[in-house]
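Novice: For reference, the structure I am asking about is given below.
Please treat every number below as a calculation from the coordinates, not as lab data. Nothing here was measured: the structure is a model prediction, and the numbers come from that model. Neighbour counts run over all protein chains shown; Cβ positions are idealised from the backbone, glycine included.
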Amino acid sequence: MAVESKTKYDRQLRIWGEHGQAALEKANICLLNCGPTGSEALKNLVLGGIGSITVIDGTKVENHDLGNNFMLDEMSLGQSKAKCVCTFLQELNDAVKAKFVEEHPDALIEGNPSFFSSFTLVIATQLLESSLVKLDKICRQSNIMLLVALSYGLTGLVRISLKDHEVIESKPEHFVDDLRLNNPWPELKEFAKSIDINVTDPVVHKHTPYIVILINIAGKWADQHGGCLPTTRQEKKEFKELIKSCMLNVDEENYKEATEASYKVSLTSGISSQLRQILSDSAAEVNSSSPDFWILVAALKEFIENEGAGEPPLEGSIPDMTSLTEYYINLQKIYQAKAEADCLVMEHRVRAILKSIGRETDSISKAYIKNFCKNARKLVVCRYRPIEDELNNPAVQELQKYMIDEDYCFSAGFYILLQAVDRFIANYNRFPGLFDTEMEDDIARLKTIAVGVLSDSGLHGSTLTEDLINEMCRFGGAEIHSVAAFIGGVASQEAIKLITKQFVPLNGMLVFNGIDQKSQILLV
Amino acid sequence: MASSSSELARWRDIDKLLTRQGNIVGPGFEPSPQLRQDIGEFARVLVVGAGGLGCELLKDLALSGFRNIDVIDMDTIEISNLNRQFLFRLQDVGKSKAVVAAKRVMERVSGVNITPHFCRIEDKDIVFYNDFNIIVLGLDSIEARSYINSVACSFLEYDSDDNPVPESIKPMIDGGTEGFKGHARVILPGVTPCFECNIWLFPPQVKFPLCTLAETPRTAAHCIEYAHLIKWNEVHGGKTFDPDDPEHMQWVYKEAVKRAELFGIAGVTYSFTQGVVKNIIPAIASTNAIISAACALEVLKIVSGCSKTLSNYMTSSTS
């Protein structure tokens, strides 16, 4: 990477690394409709150095665009909106290839579906349901990721649609270190035993790392308890007392750390239910057309059943802890060596599987295998239902729960009402509440339609409050800049997660409730 | 000024919220075609910080109908700002953030007046801050937030029944981001907890004990901080370390590498050295956009009453 790009992108490289940046720079994004929601979403991606953008919009710039879209100004009036937005976006980053097509998205979806096949990801904004359903089919057929974003008055939504998305670097915020204190392997145990935790030298005593302290005291405990580690609350309490009794001084940091980390001795071995689900996924029964990720999962399954004795490969790093430099470096080496050995076993298994399915044995890189092993406990697979499927067969029970939940009822209500607005537009060819003079009538019309949506969704007992229906009509289809910037911001954040394959994307539909300033995920 | 009919057309979308009555609105909301004009004419907003959040806030506020905005920031534009501070270009590097940001927004949104202040927040006297109806904070330091908080709280007066006098309440909207995470909150001194009440919400800054740095280093960060905090003074005596001087940073980096080699510690890179020494917080455009939008929407709600206001705290973490 060039020095200048490295400096320019420094603050984001610290999050997704050069490999994440490279993925962004390879990605081709298509934006449908460049109102404020779409323009803001693209702006954030252009700043971050996305590979290319193609802006699709068939409208000309009007006065109302100047009131909510920063990419347009007085000079743009009457010109192609796609062209003007594209010109401004290009100004933000000349490393990005920016193109525009002056055409209505619906025309492309209807008349030229193959147009979309060259993109990595399509961001569809302010589209009607009927068009979305068609676009979703096109994208799924060509394995193109689809991001849907909509801003409507003080509400909006963001949703992802694609067949499956596998994440190796899920980067969870909280995750228990893989230290194996409950089941240390021979080299680690041996190293711990080689250190006398009752050493009389006070400097060494207070610089004995907690990993060593806990393994030794756990060994002692197991000897006194028929080979068992502390499990009950009382036992865990006694175990902590045992740790404290080994302190020479109350201010020994390493013993405080040991007490805080003592629960790690009692952790149950084995894998999480989430990982178990991935291992038993039908995609893990691999064949010659399986993606690399699933070949690694197949190898992981074998590893856990054989060499791992129930555990995935060791992660290999240890957190910082009070310690003599020498002890700490030695511990680091022991963990690294075990991780490398595990990785090597995995590599052999991967190569054997590749051979068995008729692929080149070196067609998956060592770096990929290493990264997979390091994150084996954190793998995530996301799947999304086709939009049509979700509309026809919503998760009724979930929705019903949201509708009566005080915290969620507005978001669920907006979700239903946004569908009702789509039907209203199909009937009346305009937004409900577009004209002040029709407000009263539109409220009654929207209510009737909303009742229909509820009943079609199987939500017979649920009702919507009059207040919310009124509010929806009050919005009158307005695209409020701050709401659009919020929704566009969320959409660009999800785009980054999908393209870099880092972090976990939304696992449901995000509904924005601008009244209470809540964004909630609905599992519909 | 454009003709009033084109102005009406221009603000078509936001006027839906400002001219129509609703049932889920703030107390005392009086919708009318005049409301947007009054907001533009009479509401004075101060944006503190013209960085990642500040750039977004100025845009969002200008497109929410605010026309009297001030922005204060002592910093100048750096190359590493360009991945998110969308009002700045490569040729702006070295110029005042406040000045350039104000100019760019005024160029694009006609009718808005943004006054930049290229100085420290402490350089302004307290009267300056009292002139604003609302203060929006787009800051990355706890100290700066504390300062503005103390200024805003100092305006608060209580009546004889010990209730806060409404006119003396200076609302603050505080935004903050780190990587994919962020927060937005409304602080009404005397009504909601203030910044100092909730200061524990911020994670403590990592500080290593000097004895660890000097005697038992274990990580790359320990080696870097040794070079930065101990070795620099030993070698350079009275000369102050300047984190923005590349020669100084190079020196610290090389010393850190030497120390890491001595102890067999891996992971010292130039980029990591900068990160540790300058306490760099990762930042991206999308999170700044999300948090600023949430803040700007709350500003509009508080000033206009067009919807309920955020009860106090909103965090965003989609990762």
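Novice: Nearest 0.05, what FRET efficiency do B:ASN163 and A:THR268 give at R0 = 45 Å with Cβ-Cβ as r?
Specialist: Working: r = 55 Å, r/R0 = 1.23.
It comes to 0.20.
Novice: Still on this structure: Between B:ARG120 and A:HIS174, what is the label-to-label distance in nm when each label sits 7 Å out along the Cα-to-Cβ direction?
Specialist: Placing both labels 7 Å beyond Cα along the Cβ direction yields 3.9 nm.
Novice: Students often forget the sequence filter, so: which aspartates and glutamates lie under 16 Å Cα-Cα from A:LYS355 once same-chain residues fewer than 8 apart are removed?
Specialist: Straight-distance partners of A:LYS355: A:GLU285, A:ASP292, A:GLU302, A:GLU347.
Novice: With charges set only on the Cβ (+1 for Lys and Arg, -1 for Asp and Glu), what does the dipole of the stretch A:186-266 come to about its Cα centre, in debye to the nearest 20?
Specialist: Values: 11 positive and 13 negative charges, 64 e Å.
I would put it at about 300 debye.
Novice: On to the next question. Rank the residues A:VAL511, B:VAL151 as a footprinting-exposure proxy: fewest other Cβ atoms within 10 Å of their Cβ go first. All intermediate terms of the calculation are to be shown ahead of the outcome.
Specialist: On the way: A:VAL511 26, B:VAL151 20.
By the 10 Å Cβ count, ascending: B:VAL151, A:VAL511.
Novice: Within 10 Å of each residue's Cβ, count the other Cβ atoms and sort A:SER131, A:SER288, A:SER411 from fewest upward. Please report the intermediate quantities before stating the final value.
Specialist: Numbers: A:SER131 17, A:SER288 9, A:SER411 24.
If I rank by nearby Cβ atoms, fewest first, I get A:SER288, A:SER131, A:SER411.
Novice: Further question on the same structure: Hey, got the average number of other protein chain Cβ atoms within 10 angstrom for residues in B:16-26? Let's see the in-between values first.
Specialist: Details: counts 13, 9, 0, 2, 10, 3, 9, 8, 10, 3, 0.
Per residue, the number of nearby Cβ atoms from other chains is 6 on average.
Novice: Right, something else. Kindly provide the GluC sites (Glu not before Pro) of the stretch A:328-379 that DSSP labels as loop, not H, G, I, E or B, and whose Cβ sees at most 15 other Cβ atoms within 10 Å. All intermediate terms of the calculation are to be shown ahead of the outcome.
Specialist: On the way: sites: A:GLU340, A:GLU347, A:GLU360; in loops: A:GLU360.
Within the stretch A:328-379, the qualifying GluC sites (Glu not before Pro) (loop, at most 15 other Cβ atoms within 10 Å) are A:GLU360.
Novice: Taking other Cβ within 10 Å of each residue's Cβ, how do A:VAL297, A:VAL381, A:VAL250, B:VAL71 sort, fewest first? It would help to have the intermediate numbers written out before the result.
Specialist: Working: A:VAL297 25, A:VAL381 16, A:VAL250 8, B:VAL71 28.
Fewest to most other Cβ atoms nearby, the residues stand as A:VAL250, A:VAL381, A:VAL297, B:VAL71.
Novice: Related question: Full-extension gain between A:THR59 and A:VAL3, please, as 0.36 nm times their residue separation minus the C-alpha to C-alpha distance. Before the final figure, lay out each step's value.
Specialist: Values: separation 56, 0.36 × 56 = 20.16 nm, distance 4.02 nm.
The span from A:THR59 to A:VAL3 would gain 16.1 nm if fully extended.
Novice: What are the ³J(HN,Hα) values, in whole Hz, obtained from phi via the Karplus relation 6.51 cos²θ - 1.76 cosθ + 1.60 with θ = phi - 60°, for each residue of the stretch B:263-270 in sequence order, with x given for Gly and Pro?
Specialist: Taking θ as phi minus 60°, the curve returns 9, x, 9, 9, x, 7, 10, 5 Hz for the stretch B:263-270.
Novice: Between 0 and 90 degrees, rounded to the nearest ten: what's the tilt of helix B:33-42 against the longest Cα principal axis of chain B?
Specialist: 50
Novice: Using helices alone, what [θ] at 222 nm do you get for the protein assembly as shown, with -39,500 (n - 2.57) per DSSP H run of 4 or more residues, divided over all residues and rounded to the nearest 500? Walk me through the intermediate numbers first.
Specialist: On the way: 35 runs with 392 residues, N = 843.
Mean residue ellipticity at 222 nm (helix-derived): -14000 deg cm²/dmol.
Novice: Here is a follow-up. Put +1 on the Cβ of every Lys and Arg and -1 on every Asp and Glu Cβ in the protein assembly as shown; which of A:CYS228, A:ALA339, A:GLY413 then has its Cα farthest towards the positive end of the dipole?
Specialist: A:ALA339
Novice: Leaving out same-chain residues fewer than 8 places away, which aspartates and glutamates sit with a Cα under 12 Å from that of A:LYS447?
Specialist: A:GLU466, A:ASP467, A:GLU471
Novice: Now, a different point. Starting from the Cα of A:LYS97, step 7 Å along the direction of its Cβ; do the same at A:GLN336; then give the gap between the two resulting points in nm.
Specialist: 4.1
Novice: Also, quick follow-up: Say each of A:ASP436 and B:SER4 gets a label point 7 Å from the Cα, pointing the same way as Cα to Cβ; how far apart are those two points in nm?
Specialist: Roughly 1.3 nm, to one decimal.
Novice: Another question about this same structure. Amide H of A:PHE100: which non-local residues (sequence gap of 5 or more, or other chain) have their own amide H closer than 5 Å, using H built in the peptide plane?
Specialist: Under 5 Å from the amide H of A:PHE100 lie the amide H atoms of A:VAL55, each far enough along the sequence or on another chain.
Novice: Could you give the angle, 0 to 90 degrees to the nearest 10, between helix B:285-304's Cα long axis and the longest principal axis of the Cα atoms of chain B?
Specialist: Roughly 30 degrees between the two axes.
Novice: Placing +1 at every Lys and Arg Cβ and -1 at every Asp and Glu Cβ, with all other atoms neutral, what dipole size does the stretch A:391-475 have around its Cα centre, in debye to the nearest 20? Write down the numbers at each step before the final one.
Specialist: Details: 6 positive and 14 negative charges, 64 e Å.
For the stretch A:391-475, the charge dipole is close to 300 debye.
Novice: On to the next question. Can you figure out the FRET efficiency of A:SER282 with A:GLU187, using R₀ = 51 Å and their beta-carbon distance, to the nearest 0.05? Numbers along the way, then the final one.
Specialist: Details: r = 38 Å, r/R0 = 0.74.
Using R0 = 51 Å, I get an efficiency of 0.85.
Novice: Right, another one. Only Cα pairs under 8 Å and at least 6 apart count here; give the relative contact order of chain A as a rounded whole percent.
Specialist: Numbers: 845 pairs, mean separation 105.7, N = 524.
It rounds to 20 percent for chain A.
Novice: Here is a further query. Name the lysines eligible as straight-distance cross-link partners of A:LYS236: C-alpha to C-alpha under 20 Å, and not fewer than 8 places from it in the same chain.
Specialist: The reachable lysines, counting only those whose Cα sits under 20 Å from A:LYS236, are A:LYS220, A:LYS244, A:LYS256, A:LYS264.
Novice: Please give the contour-minus-distance gain from B:LEU90 to B:VAL127: 0.36 nm per residue of separation, less the Cα-Cα distance, rounded to one decimal in nm.
Specialist: Values: separation 37, 0.36 × 37 = 13.32 nm, distance 3.60 nm.
Taking 0.36 nm per residue and subtracting the Cα distance, the gain is 9.7 nm.
Novice: Count the DSSP beta bridges whose two residues both fall in the protein assembly as shown, then state the antiparallel fraction as a percent rounded to the nearest 5.
Specialist: Details: 35 of 73 bridges.
In the protein assembly as shown, approximately 50 percent of DSSP beta bridges are antiparallel ones.
Novice: Ok, one more. As an exercise, use a Förster radius of 41 Å and the Cβ-Cβ distance of B:SER32 and B:ASP140 to find the FRET efficiency, rounded to the nearest 0.05.
Specialist: Working: r = 39 Å, r/R0 = 0.95.
Using R0 = 41 Å, I get an efficiency of 0.55.
Novice: Can you compute the charge dipole magnitude of the protein assembly as shown about its Cα centre, using +1 on each Lys and Arg Cβ and -1 on each Asp and Glu Cβ, nothing else charged? Give it in debye, rounded to the nearest 20.
Specialist: Computed about the Cα centre, the dipole is about 1760 debye.
Novice: Here is a further query. Would you kindly state how much longer the chain becomes between A:SER117 and A:ASP251 on full extension, computed as 0.36 nm times their sequence separation minus their alpha carbon distance, in nm to one decimal? Write out the running numbers ahead of the final one.
Specialist: Working: separation 134, 0.36 × 134 = 48.24 nm, distance 6.41 nm.
Gain on extension, A:SER117 to A:ASP251, equals 41.8 nm.
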